Amino acid sequence: MKQKLIQIWFFLFIFTLFTLSFYQLALAQSKEELKILRLFYKEEDLVVTPSRSPKPMSQVADNITIITSKEIERMHAHTVADILKFIPGVQVDASGGPGAANFVFIQGCDFTHVVLMIDGIVMNSLSDGFADFAAFPVQPIDRIEIIKGPASSSWGSSLGGIIHLITKSTGTMEKAEETLYGSLGEGRIKDYGVEAFDGEKNFGYYFYTGCLESNGLNPNTAYDGHNLYTKLQWDINQKADVKFNFGYNQGKRGLGEFRRSNRGLDDFESLFSSLNLYYSINHRADLTFALKCLQLKNKFYIIDTLYPDPEYLKNETKYGATGKFHCRFGMSNLVLGVDLEAAEEKSNAINLGKGQVVNKWGVFINNTIGFDKLSIIPGIRYDHTDKNGIFTSPSLGFTYNLAKGILLRGSAARGFNIPTLSSTSGEGEYLLANPDLRVEKVSSYQVGLESDKLKNFWIKTSLFRHIVKDAIGAEDIGPYISKSVNKEEERRDGLEIEMKTSPFYNFSFSAGYTLIEAKNLNTDERSNDTPKSTFDTQIQYCYKTFQALLIGHYIQWNPHPSIKGKDDDMVWDVYISKQITTSSRKIILFLNLHNIFNGNQYLHEDHENPKRWLEGGIRYKF
């Protein structure tokens with residue numbers, strides 16, 4: 001009863017904040033206002049993911065990290081997974097080299113709790129919650145916004161966090177560019193492609209196509225992937241524009257060699273698209289409508305020496321729609337909207353091959369209320385699913401400028417994660433269905449301090465606590481047979497520290513440290529397979545057109561003894577590039593050496609990280 005009263009008072013408090021904000025009127029954050037914002041804030045200082053509308057980082061209470069296109073380009077990475085493994089608070093179980101299947105965690109959460117989005121389209125599989133970070137290339141990406149912790153008050157099911165890939169804008173008459181690139185590496189790694197963007201009057205386009213091939217750096221980790229992405233934009237008039245996005249990924253990969261299996265193989269295909277209409281009602285408010293489509297196909301099988309398993313076929317189709325109203329009042333930036341989704345899963349491992357239909361919808365509202373040095377950010381969302389019932393996700397955050405160059409942040413939020421269809425409806429050799437599974441719930445509390453008060457030095461510290469209830473775990477009910485059940489309550493406490501310096505004698509330095517204390521509250525023991533700590537460091541040297549980057553990365557995986565993981569060493573990579581520029585052309589030559597000292601850094605003995613390997617390439621812009 002006490003807990004129910006607290007929830008009611010919390011809801012009334014948030015509702016009051018929303019109501020008070022309506023008493024003040026001012027200009028909306030339309031296209032023109034966004035241009036004005038960019039006069040005062042750098043592009044990387046404006047974020048859209050936390051509240052689903054652009055606003056400055058100084059008004060974001062969430063623990064968020066931004067990766068810009070410049071940071072991506074200087075590493076000459078292949079896929080999104082290659083970038084994420086160096087981000088403080090994000091852990092990547094990487095194996096097999098470029099294109100190999102990877103599992104991504106945020107602050108020690110389960111990989112099914114991490115949501116991957118591309119321009120607002122959720123890419124996670126309904127069947128197993130897996131998001132294929134290694135199948136999407138970095139070339140089309142303009143920036144990556146990472147929310148560490150639940151974002152359910154804006155996006156619904158997202159217990160651990162969100163990784164949002166925001167693609168490049170279309171070209172204009174004043175800004176047109178084409179790029180050709182190619183690289184070769186050990187293991188017969190080949191990565192090549194082309195991108196172009198241009199525009200004329202009120203029409204612009206962006207186009208990319210590429211291919212990544214590899215024989216694999218570990219046994220049975222070969223990869224052959226093909227990608228296409230395009231974006232079209234039509235500015236109908238000064239008040240309205242239409243955007244169309246289309247992406248397609250297709251490939252084959254080996255999943256390694258397992259100790260009790262011969263091999264694992266995966267043929268995958270994904271198609272995603274969206275149509276977005278933006279309309280400025282007046283100088284006070286604007287509307288956005290979006291239609292979305294996603295199709296995922298997989299043919300996956302493991303040939304087991306003891307229990308031969310049939311092919312696992314998966315075919316998912318999702319259709320969604322979003323309507324969003326955004327307006328700005330005197331001290332308030334209000335966003336409210338609705339998300340609709342209808343999905344169908346057809347799999348020989350789900351519902352005996354008959355397929356499943358999942359329908360869900362959600363209504364959300366959030367606000368950012370600024371009082372000079374203080375910003376208050378309330379939010380709430382109501383979600384309904386036909387499989388797992390309803391869930392309400394409130395959040396409340398604040399930012400406060402303690403002094404010039406010192407910002408205090410804090411937030412409290414409630415989030416959830418919908419169980420996968422494989423756990424509620426799956427039937428196979430090793431898994432029994434549990435249709436009575438409940439959603440996993442989290443109560444999250446975070447506070448942090450950010451400062452650039454010292455000259456040429458920036459530091460950010462964050463403390464977090466995530467309490468997960470009804471956590472889903474596997475219960476053994478026979479030899480190699482398990483069933484998913486809500487049996488655990490877990491608490492993850494932690495600390496993040498990040499720092500960066502400005503260039504000094506052509507050198508700059510950055511580092512990040514994360515400490516995670518994860519405990520199973522049922523057994524009062526530390527949770528296995530949850531990282532204890534991570535450490536990342538970068539030293540960059542830039543002199544005119546020459547650049548060198550040294551990156552060190554360490555994860556203390558804390559593996560269960562039965563899976564025989566290793567976290568003995570820090571893994572070091574070096575990235576070297578030289579730019580040759582003419583009046584209208586730019587040529588960049590690069591050389592990358594990975595895992596210089598052959599360090600061991602893996603969670604499971606079946607998924608060892610690659611040893612030292614070398615690659616080089618060229619990027620030609622004109």
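Okay, here's what the table says:
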quantity: Members of region 554-565 found to be in a strand (DSSP E or B) and without any contact (Cβ under 8 Å) to a residue 40 or more places away in the chain, listed by number; calculated: GLN556
quantity: Any hit, region 186-195, residues being closer than 30 Å to GLU605 by Cα and under 25 Å from the mean Cα position of the chain (by Cα); calculated: yes
quantity: Where TYR554 falls short, out of the listed (1) open to solvent by 10 Å² or more (accessible area, probe 1.4 Å); (2) farther than 24 Å from LYS148 by Cα; calculated: (2)
quantity: Residues that are of a type outside the set (Phe, Trp, Tyr), farther than 24 Å from ASN227 by Cα and not in a loop (DSSP other than H, G, I, E, B), drawn from region 78-111; calculated: VAL90, GLN91, ILE106
quantity: Qualifying residues in region 462-479 (those that are over 16 Å from VAL442 (Cβ atoms) and touching a Lys or Arg at 6+ places or on another chain (Cβ under 6 Å)) - the one surrounded by the most Cβ atoms within 10 Å (Cβ to Cβ); calculated: GLU475
quantity: Restricting region 79-100 to residues that are open to solvent by 10 Å² or more (accessible area, probe 1.4 Å) and touching a Ser or Thr at 6+ places or on another chain (Cβ under 8 Å), the residue that is farthest from SER527 (Cα to Cα); calculated: GLY97
quantity: Strands (runs of 3 or more DSSP E) contained entirely in region 151-202, each with at least 3 residues that are open to solvent by 20 Å² or more (accessible area, probe 1.4 Å), more than 30 Å from ILE418 (Cβ to Cβ) and out of contact with any Cys (no Cβ under 7 Å at 6 or more places or on another chain); calculated: 177-185, 189-200
quantity: Subset tally (residues that are modelled with pLDDT of 90 or more and outside any loop (DSSP other than H, G, I, E, B)) for region 42-54; calculated: 1
quantity: Search result, residues across region 502-551 that are assigned to a strand (DSSP E or B), in contact with a His (Cβ under 8 Å, 6 or more places away or on another chain) and open to solvent by 20 Å² or more (accessible area, probe 1.4 Å); calculated: PHE535
quantity: First in region 499-527 and touching a residue at least 40 places away in the same chain (Cβ under 8 Å), second anywhere and surrounded by fewer than 12 Cβ atoms within 10 Å (Cβ to Cβ) and in a loop (DSSP other than H, G, I, E, B), Cβ under 6 Å, 6 or more apart; calculated: THR501/ASN456; SER502/ASN456
quantity: Selection count where residues are loosely packed, with under 14 Cβ neighbours inside 10 Å, in contact (Cβ under 8 Å) with a residue 12 or more places away in the chain and in a loop (DSSP other than H, G, I, E, B), scope region 569-595; calculated: 2
quantity: Residue that is nearest to SER214 (Cα to Cα), among those in region 596-617 that are touching a Phe, Trp or Tyr at 6+ places or on another chain (Cβ under 7 Å) and open to solvent by 50 Å² or more (accessible area, probe 1.4 Å); calculated: GLU608
quantity: Some residue of region 29-40 being outside any helix (DSSP H, G or I), farther than 23 Å from SER462 by Cβ and modelled with pLDDT under 90; calculated: yes
quantity: Residue count, region 393-433 (criterion: under 22 Å from the mean Cα position of the chain (by Cα) and β-branched (Val, Ile, Thr)); calculated: 2
quantity: Which numbered condition GLY161 fails, given (1) closer than 18 Å to ILE83 by Cα; (2) in contact with a Ser or Thr (Cβ under 6 Å, 6 or more places away or on another chain); calculated: (2)
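The values are calculated or read from the model by the stated rules, or taken from the named source; none is laboratory data. What you are looking at is a predicted structure, and each value in this text was computed from that prediction instead of being measured. Note: ideal-geometry Cβ built from the backbone for every residue, glycine included; neighbour counts use all protein chains shown. These area figures cover heavy atoms from the full protein model, side chains too; ligands, DNA and RNA do not enter into them. Shrake-Rupley method; radii C 1.70, N 1.55, O 1.52, S 1.80 Å.
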